[in-house]
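The values are calculated or read from the model by the stated rules, or taken from the named source; none is laboratory data. Not measured: the values here are computed from a predicted model. When we count neighbours, we look across all protein chains shown, and the Cβ atoms used for this are built from the backbone with ideal geometry, even at glycine.
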Amino acid sequence: MLSKSIKKLVEYGVETGLTPECERIYTTNLLLELFKEDEYEDVSIEGEELNLEEILKELLDEACARGIIEDSIVYRDLFDTKMMNCLVPRPAQVQETFAKKYEVSPKEATDYYYKLSQDSDYIRRYRVCKDRKWKERKMGSIRFSERLIKLGYKESVVERVRTCGDVLKFVKDPVQGLKLYQAYFCKNKLCPMCNWRRSMKYSWQIKQILDKALEQYPKARFLFLTLTPTYFKGSENYISQADWTEMWEESAKLDYTPVVNIKAVKEKVAREDLHDDFSEDGIMKAVLETAKYPVKPFEIERDKHGKVIERSEEKLTQITGELLDGLYKKRQLGFGGLLKELRKELHLDDIENGDLVNTSDEKTEPTAGEQIVAYWNYARGNYFIKQ
Ligand SMILES: [Zn+2]
């Protein structure tokens with residue numbers, strides 16, 4: 001039940017020292033607000049084990065059951081971050097507590113800060129493991145390599161994909177948590193691991209480019225254009241888009257009539273989970289979300305009702321083969337016009353074939369902090385950390 005799960009999460013925060021005792025009620029209220037719940041029943045949680053991952057799972061299931069979020073990995077992750085943010089003190093508050101303790105004794109102040117970073121680091125570590133989904137991507141890449149074998153690709157190609165992301169070297173950064181500084185990525189066009197890195201890189205780059213573009217053209221609007229090849233003509237839904245269709249047909253020199261769908265990018269397009277989020281950068285978030293489309297994994301493709309399309313292994317292998325043939329020596333991402341110019345000005349690295357370790361422009365140096373190395377264990381199907 002909701003009250004109990006919230007109580008456990010707050011108790012976890014207080015016990016680990018993330019949430020000050022005096023903010024117990026405040027934090028509880030923040031969480032209740034997230035769940036749009038007015039009632040709270042103070043139930044006993046004595047003797048209950050406080051396992052963060054389990055508590056969060058309970059709460060996420062509840063959020064799905066209540067229709068607050070859609071039951072998908074993406075929405076669960078977003079909501080999970082929101083919940084954790086309720087527990088962690090604001091930076092200004094940390095400084096204040098630190099200053100107060102420092103007056104008493106510098107040791108007490110540094111002890112406080114050390115413990116706080118350890119506890120929030122635990123959360124970050126938990127988030128890195130969960131949020132970044134290294135494990136799922138790695139397993140996706142292994143499945144992909146097995147399909148390559150079935151498709152008759154040569155050993156060296158298969159091996160490159162199979163070993164993609166085998167060893168991950170992170171630096172423990174006191175502020176940003178674990179940061180990747182070294183890894184091998186296969187760079188295959190359909191590798192789930194590599195495409196996930198590419199999508200991060202793309203999001204980061206497009207943010208830089210669009211920030212600049214909006215600086216120059218503050219009134220610019222974004223359009224989201226979908227082109228679906230089809231051999232059926234005159235689909236009613238799209239008939240009003242005839243001009244777009246014709247233009248595209250002409251410019252792309254197509255020998256079929258494509259289905260063209262164009263709409264303005266609105267906040268709601270991609271942020272349906274955040275009903276009340278009309279923040280200034282909402283449009284930007286939506287643009288960034290749509291920017292992920294070129295590299296979406298097709299394994300979990302959904303139909304128009306949002307249901308995952310079930311496909312047999314044979315079918316997935318066949319699609320993999322066709323996509324690889326179709327994408328051979330083709331660029332998937334391109335920038336044009338003003339965006340192309342700005343991209344050049346900013347000296348941004350190639351997304352498809354460039355560095356997939358550093359997905360933004362800040363390079364991580366291995367000497368910057370404690371190192372953590374994660375190895376993929378094939379027998380156990382998971383990463384294991386060597387400190
Ligand atoms: Zn890869």
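Things worth noting here:
For every residue, the table says whether it meets (1) modelled with pLDDT of 85 or more; (2) in a helix (DSSP H, G or I); (3) touching a Lys or Arg at 6+ places or on another chain (Cβ under 9 Å).
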position: Gly67; (1), (2), (3): yes, no, no
position: Met84; (1), (2), (3): no, yes, yes
position: Lys100; (1), (2), (3): yes, yes, no
position: Thr110; (1), (2), (3): no, yes, yes
position: Lys115; (1), (2), (3): no, yes, no
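- Of all residues making up the stretch 42-71, the number that are loosely packed, with under 15 Cβ neighbours inside 10 Å, without any contact (Cβ under 8 Å) to a residue 40 or more places away in the chain and at negative phi: 11
- Reported count of residues in the stretch 202-221, each being surrounded by 20 or more Cβ atoms within 10 Å (Cβ to Cβ) and within 23 Å of Trp134 (Cα to Cα), is 2.
- Filtered residue count, the stretch 314-335, keeping only those that are farther than 16 Å from Asn188 by Cα and within 26 Å of the chain's Cα centre (by Cα): 3
- Members of the stretch 334-387 that are part of a strand (DSSP E or B) and either of a type in the set (Lys, Arg) or closer than 19 Å to Pro192 by Cα (or both): Ala374, Tyr375, Trp376, Asn377, Asn382, Tyr383, Lys386
- Checklist (1) surrounded by fewer than 17 Cβ atoms within 10 Å (Cβ to Cβ); (2) in contact with a strand residue (DSSP E or B) (Cβ under 9 Å, 6 or more places away or on another chain) applied to Lys344, failing item: (2)
- Those residues of the stretch 29-40 which are within 12 Å of Met83 (Cβ to Cβ) and touching a residue at least 12 places away in the same chain (Cβ under 8 Å), in sequence order: Leu30, Leu31, Leu32, Leu34, Phe35
- Qualifying residue in the stretch 7-19 (condition: at pLDDT 90 or above, within 23 Å of Arg66 (Cβ to Cβ) and basic (Lys, Arg)): yes
- Tallying residues that are near the ligand (Cβ under 8 Å from one of its atoms), surrounded by fewer than 20 Cβ atoms within 10 Å (Cβ to Cβ) and part of a helix (DSSP H, G or I) within the stretch 182-201 yields 0.
- Test: residue in the stretch 23-40 that is out of contact with any Cys (no Cβ under 8 Å at 6 or more places or on another chain), of a type in the set (Asp, Glu) and over 24 Å from Pro89 (Cβ atoms): yes
- Number of the exception - Val175 against (1) away from the ligand (no atom under 16 Å from the Cβ); (2) β-branched (Val, Ile, Thr); (3) modelled with pLDDT of 85 or more: (3)
- In the stretch 130-172, residue nearest to the ligand (Cβ to nearest atom) [restricted to those that are at pLDDT 90 or above, hydrophobic (A, V, I, L, M, F, W, C) and part of a helix (DSSP H, G or I)]: Val161
- Residue in the stretch 1-18 that is farther than 17 Å from Met84 by Cβ and among the β-branched types (Val, Ile, Thr) present: no
- Some residue of the stretch 206-218 being within 16 Å of the ligand (Cβ to nearest atom) and either in contact with a Leu (Cβ under 9 Å, 6 or more places away or on another chain) or not in a strand (DSSP E or B) (or both): no
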